[in-house]
1. Over the Cα atoms of region B:250-328, how large are the radius of gyration and the largest Cα-Cα distance (Dmax), in Å?
2. Between A:148, A:103, A:83, find the one with the highest GNM mean-square fluctuation for chain A; connect C-alpha pairs within less than 10 Å.
3. How would you classify region B:10-90 from its alpha-carbon gyration tensor, with a ≥ b ≥ c the square roots of the eigenvalues: rounded for a/c under 1.5, else prolate if a/b is greater than b/c, otherwise oblate?
4. Rank the residues A:155, B:70, A:106 as a footprinting-exposure proxy: fewest other Cβ atoms within 10 Å of their Cβ go first.
5. Is chain B best put as rounded, prolate or oblate by its Cα gyration tensor, with a ≥ b ≥ c the root eigenvalues, rounded for a/c under 1.5, and otherwise prolate when a/b is larger than b/c, oblate when not?
6. For the residue pair residue B:267 and residue B:98, what label-to-label distance in nm results when each label sits 7 Å from Cα along the Cα-to-beta-carbon direction?
7. Bins of 10 Å, beginning at zero and ending with the bin holding the largest distance: percent of Cα pairs per bin for region A:94-139, please.
8. For the protein assembly as shown, count the residues as N, evaluate 2.2 N^0.38 Å, and divide the Cα radius of gyration by that value, please.
Amino acid sequence: MSGRPSGAQQQVARLLSLLPYVLSHPNARLSEVAELFGVSERQILRDLNVLWFSGLPGLAMGDYIEVDMEAAEGEGIISVSNADYLSRPLRLGTDEALALVVALRTLAAMPGSYDRGAIDRAIAKLEQAAGSAAERAADVRVEVDGDAVADVAATVRRALDEKRRLHLSYWVPGRDETTERDVDPMRLALADGRLYLEGWCRRAEAERLFRLDRVAAISILDVAASVPPQARSRDLTAGIFQPSPDDELVTLALGPGGRWVAEYYPCESVSESPDGGLTVTLRVHDRRWLRRLVLRLGGGGRVLEPADLAAEVVADARAALDAYA
Amino acid sequence: MEGKGHVVNQAKSERLMNLVICLLVSRGYVPKSRIRQVVGGYGEQSDEAFERMFERDKEELRELGIPIETGSFDPFGDEEPGYRIQRQAFELPEINLEPDEAAVIGMAARVWQHASLAEATSRAVLKLRAAGVETDTSALAAIEPRVAVEEPAFWPLWEAVRDRRPVRFAYRKGPGAPATERHVQPWSVLSWHGRWYVVGYDLNREGPRLFRLSRIAGEVQPAGRAGSYQVPPPDEVRGAAGALAPPRQTASARVRVRRGAGYGLRRRATGTRVGPDGWDELSVPYADAGVLAEELAGYGADAVALEPDDVRKRVVERLRAVAGEDAA
């Protein structure tokens, strides 16, 4: 669709689904219909009012769609009849079919999510119903790193279904530590193309996200999961990596070979430097993570500030060089 | 008033609905003059105002995906052309979904974190609900599949791939690098580790190229007719996107790793020899000596490259550069 649809367009699009819905669900509740369509009850009443003035060409007596406005406004019950010619919804549009099929293919690639068979059958039926509208679905792909973590994901899924506690050996790459923890699983999430377990970590006494490809070992304990009532799922819309304003602010000078850092990690500021590199500032929660990053950069980046952190990195490099002396 | 907020011109919605019904229930093409008579709202307009209004209404309905056809049954073409909507092209065909199939479709509607795509999936699910499909997802609440799209270039490229329309955009080879204009026939948009890319034929460089959406500066402009190129077979498209897949690890390095450290190396090691001194010796497969050296340098004093010599030298070079020592 070019540009935003007009208000009347949106209303007509909704009516072409609303009408078959209420025809096939006699005496549907206004509140439920409003929730299903994601609009207010008042909006559904306005929609019904449009239907009330619609009907067969000429609009003679008996041609109008019958809408019980009194029941809708008074009791919140929707009753519509005399519109059998619009008892089926409009076929799926290209964007609708594409968005749905690509989403389903993404689910199919996410291990531990749903029964592959059901997803494949659903895709086949949708493609059948959508016809040519779904033809382009192969041209949009969301790659999920699924195979390598399939076993871990299956274990997480089973623990979720059985509501049992998990034990994890979990690698924290920033510190290069493998930690042991008991976790009460809350959900299995896909974000940024990777799988995560979100759960209540008994060690941290807080919600934590665990990236499944960093789980070194996992087992289901013979203990019922008990997620405390104060546990809240993280809003993943803001992204997985959320720097805190309390974290230390670090300034790095990146050479041309280290520019990727600015693209890979959220930076507070990025500016060009005359040598073809960049000067960036970023929030650092754990100094060990940053020290490892600068070691990896191998001269492609160095710490400008704070000075003591710069000295720590130099000391790290010298200690590592001792083994090669 | 229309288009803004909730204030919708009721008369216009009624007119559009009545126009749809009129064209859908008629047996043949309905002449424009007849439409003007029977669809409320047109009759009171001047000739000119009616023409404008009718053209716009048709356009808006077509944008919703309503297939309004123009034609005439008159073999001599003398008759005034008319309009119709064929039911089979209009209606969603029968679709019978098992409860588990319907449930996954309900979940799929939650995947996209992009306004236009989320709306498109919601509309699709509403159509299915209206056709009698019950998409109860309450049993699946513990699964949270999210696909985010933050790059503004995504939507115009989705449309370009969908319509097979060449595009033009300014592209930076890296963050902060100068942007150069690219003229591309997009084949496919894909997401890898949460980042979006477009693969297509670069008309300036005369070859397939992969572009990262976050490096597109400014707007993606249409630059050619829809349907003016063909997308090669899937294998070729995948090949062009192959740079995203991790390269094959054909070589192996010997690395000493302190016990309890280096899980990133241990998890892919093909062999581990436990040493008596608190250190283990791993065989680590790799594809590129430079990339492995970078990784090993990151472990600092917890990992020591033993062989091959090439990897060992590169690690030392990197560490010396960080330590501020000149390469020997």
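Quick note: the coordinates plus some simple rules give every number you see, no bench work behind them. Bear in mind the structure is a predicted one, so any value in this text is a computation, not a measurement. As a convention, Cβ positions derive from the backbone with ideal geometry for all residues, glycine included, and neighbour counts pool all protein chains shown.
1. Cα-based Rg and Dmax for region B:250-328 come out at 12.1, 35 Å.
2. Comparing A:148, A:103, A:83 in the GNM, the peak value goes to A:83.
3. Numbers: a/c = 1.80, a/b = 1.18, b/c = 1.52.
Judged from the Cα gyration tensor, region B:10-90 comes out oblate (a/c at least 1.5, b/c at or above a/b).
4. Sorted ascending by nearby Cβ count, the order is B:70, A:155, A:106.
5. It comes out prolate by the Cα gyration axes.
6. If labels sit at residue B:267 and residue B:98, their model points lie 3.4 nm apart.
7. 31, 54, 15, 0
8. My calculation over the Cα atoms of the protein assembly as shown gives 1.17.
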